[in-house]
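Below is one structure, written out as structure tokens; the observations come after it.
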Amino acid sequence: MPEISELEIPDVVQEYLEPISDNPPVGNDASNEEEYFVLNMEIQKTTPDYKKWIELSRTILIEKSKDIKIATWLSFAMFRLEKIKGLVNGLKIIYYYLKNFENNLYPSNANYRSKAIQFLNQPRFFKLIEKEKPDSSNAKEFIEADIVLKGIVDECARLFPENPPVLKFIIEVLADHADTANNILSPSAAKTEQPVAQPQTEKQAETFTKTVTDAPAPPKEAERPVQQVAPVQQTVSQPIKVTNENDGIIQLRQILTQFYEQIVDGNKKDKIPESFFVFGIARQLQWGRLFRPQETDGVTQVEAPNNIMQTNIKKWFESAEWDSLIPRVELNFLKADSAFLYWFDAHRYVVKALEQKGGNYTLAAQEIKGQLAQLINRIPDIYKLKFKDYTTPFADDDTVKWILDDVMASAAKGENKDQIILPPIMGEDYEQINNEYKQACIELPKNIEVNIASMQKAISSDERRKGKFLRRLNLANYCMQAKMYDLAKVHLTELIGLIDEYNITLWEPALCTSVWQAMYLVNKEIISKIKDKELKTELENDQTELFNKIAKYDSIIALKLKQKKER
């Protein structure tokens, strides 16, 4: 395999490597440049113009600033236009920037530079690379990409010893492609052993695991007599190489299953795990990926749990057989496409059982209720549906009452009525702004005038459009937290004007939603206090318009606002 120093530096890469000037060779911080702002807008689009993306990146990197964040963005755009050839060139630019310009690169903060390189490890990047297939026409380029990426990893270890970027997934993807490419170029060197076929779906994975577990061991060559011992039945899951999220989910499900099993006298038996946090992790895994099933008149196409299982679980609950009930429900719940994802009666039984056991298990019960509340907030009517058999409800009458009186009521008590609204611009460039906002809110009701004056001064001094926007939104939210609703409305009105002026909904809908949400809450407070009927009607009309805008981009936030209004 060639060394990275032996690889060609094409002209398209070399032009990016030339110093911008003699002093300094890396130029200046480009985050305030117009091209930077336009590029950031382009990147946020659902279908960006990659030629424009490259053109803007080229202008910044060649004429204005050697910025490693822009270089990583550039590598993605080059890959999207030229496939693996573009990826190789993009990775070379990153590698030589790290090697030649080292810690002089922008962003000036080393941690921000490290995080910028981590863009390579985002799913939107490595999953597209994973879909590319090496063949005789591009095998050398795949090998070259793997070599350059390894060089980037080495440079990162040198420059960021305390906080190197996490590049695990793209490393694995390119390493696999490089192995395939080497086999294409040198077929005689390919391994003759045939690997065990890996399952392609979660259901196949479970069948595959069971087959491996239950299969008899191959006969051993007789060497000498050995003492016969009783076989120990163990569940040994065939290891799955994690190359994508689906593989990771399968493996995580297998790991969680092991918490509910133990070997006693050579036999596998169920158990209740001492690690109470497992119950919450299982529900994040299973319910976090759940969508509302299709239904007709409330009846879904989801198969109901079999009658024997339903009968047994109800019997165990009524007879307080917690050691049977809890692991059986949890093991069924962890299966792929299990009916227990929707059978909320079983979760009520488990919560009641955990509460009866007491101790740390009460924390597990609270975690289950919290996860269920999140699911119902996301899919409000899910517990009202029925299974495919038309007769089995997702939640019977007792469970519905439990959900409304216990689960959702507990979740409502845990909500902070005056919760801080944080804008969605959470990148490292804006971290300090958000931290200042959080600190000001913590100080309430003290230092209100001082903090408002400081925020307004910061708005004037910030040269970035995004920075100004975020600071003004923070100021509006701060005024709202301080119950200065009229002042908050002034700033939010200006922000809504900027949204229309700059068409921000096209590239930052979450930011716009945050502004509309804040205005909705401010109007709600003002409406509750005014007596002028005409003004009240006008504000209520504004509320309808704001609600429609919010619902268009984030139905969950709209639903929560509606629920808050009804309470």
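Read the figures in this text as sums done on the coordinates, not as results from a lab. Please read these numbers as outputs of a predicted model, since none were measured by experiment. Using ideal geometry, Cβ is built from the backbone for each residue, glycine included, and neighbour counts are taken over all protein chains shown.
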Anchor K438: lysines whose Cα lies under 18 Å away (excluding residues fewer than 8 positions away in-chain): K417, K446, K457, K468, K483
The ³J(HN,Hα) series, computed from each phi in the stretch 258-273 with the Karplus coefficients 6.51, -1.76 and 1.60 at θ = phi - 60°, rounded to the nearest Hz and given as x for glycine or proline, is 5, 5, 9, 10, 8, 9, 10, 6, x, 10, 7, 10, 6, 8, 9, x
Could you give the dipole magnitude of the stretch 278-414 about its Cα centre, charging the beta-carbon of Lys and Arg +1 and that of Asp and Glu -1, in debye to the nearest 20? 320
For the stretch 278-414, with the dipole built from +1 on Lys and Arg beta-carbon atoms and -1 on Asp and Glu ones, taken about the Cα centre, which of V351, V400, A282 lies farthest toward the positive end? A282
